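Before any comments, here is the structure.
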Amino acid sequence: MSKYSKLLTGTGVALVTPFKNNGQIDFNGLKKLVKHIIKGKCEYLVPLGTTGESVTLSDDEKNAVVDCVIQSNEGKLPIVMGLGGNNTQDILWKLEKNDFAGITALLSVSPYYNKPSQVGILAHYTLMAQVSPLPIILYNVPGRTGANMTAETTLALAHSQPKIIGVKEASGNMEQIMEIIRSKPKDFLVISGDDGITMPLIAAGANGVISVLANGYPKDFSTMVRLALQSDNKKAANLHYKYLPLVPMLFAEGSPSGIKCALKQLGIMDDHVRLPVVKVSNGLAQKIISFVKSNK
């Protein structure tokens, strides 16, 4: 097992970015969240992803979020930083200019809105791999990007670019993900991007998850993942089915509104989000609150 396969197997947490009522970043809330996740024994932290509302953060705010996570982490867990977008040249510039001290690897979403061809996606990541000072985890989430990254493209990158060490797969296409697992290099990480299908994906050979739900329930969810990785499917299934009803609630009216509602009920932070995302409706909030209260 390679260094990165060992470090990044298990549960990574797609960290939310807490906000105050005035719209500013709540750094105290972020520190509290990081401590909560460390206490829950997750394997690594993932700031500046979709769940972190990174597209609504300025570059200065992104830097401040990462600095806060690094300081709060105190070297305890690896940190995988989100760095992606639909402007290849801008990403290459950031890869060359940014200081990545304290960061283990990068999570980079497939280009969105442009709807590039597979040739374009391949060229985008190939250039990134040539410039990046850190290993890269691909991120395929066609429901948000508008363009699926096929198994063939993922595998071509996995076999040709040593800097590309894994993929977070959130296509929901089990056949596609299993084809990647079947044909990937030995130490290439296949990471679930959907909490609800993490256990069956691990049974099929995946290496873990980058989770939204684990913001709120790091201990139980990371325990479920470790049990699944150990093929203790009966115990893993108990935890999987315990939290399965919550998963659709977290995404029913946009993310991270759902998980922020749960985190507020858990006393970790408030539930403020940045437009165009809005808080969940009162009806959905009551369902989430009811779940949290019944699972304390």
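Couple of notes before you dig in:
- Sole residue being closer than 21 Å to LEU45 by Cβ and out of contact with any His (no Cβ under 6 Å at 6 or more places or on another chain), chosen from THR104, THR154: THR104
- Within the set PRO185, PRO200, PRO162, the sole residue that is over 21 Å from THR50 (Cα atoms), modelled with pLDDT of 95 or more, touching a His at 6+ places or on another chain (Cβ under 8 Å) and surrounded by fewer than 22 Cβ atoms within 10 Å (Cβ to Cβ) turns out to be PRO185.
- Some residue of segment 113-130 being aromatic (Phe, Trp, Tyr), surrounded by fewer than 20 Cβ atoms within 10 Å (Cβ to Cβ) and not in a loop (DSSP other than H, G, I, E, B): no
- Whichever residue in segment 211-256 is crowded, with 19+ Cβ neighbours inside 10 Å and in a loop (DSSP other than H, G, I, E, B) and, among such residues, is nearest to the chain's Cα centre (by Cα): VAL212
- Segment 133-164: number of residues that are in a loop (DSSP other than H, G, I, E, B) and without any contact (Cβ under 8 Å) to a residue 60 or more places away in the chain: 10
- Members of segment 101-112 that are in contact (Cβ under 8 Å) with a residue 60 or more places away in the chain and part of a loop (DSSP other than H, G, I, E, B): THR104
- Scanning segment 50-66 turns up at least one residue that is part of a loop (DSSP other than H, G, I, E, B), surrounded by 15 or more Cβ atoms within 10 Å (Cβ to Cβ), of a type outside the set (Ser, Thr, Tyr) and touching a Leu at 6+ places or on another chain (Cβ under 7 Å).
The values are calculated or read from the model by the stated rules, or taken from the named source; none is laboratory data. No experiment lies behind these values; they were computed from the predicted model shown. When we count neighbours, we look across all protein chains shown, and the Cβ atoms used for this are built from the backbone with ideal geometry, even at glycine.
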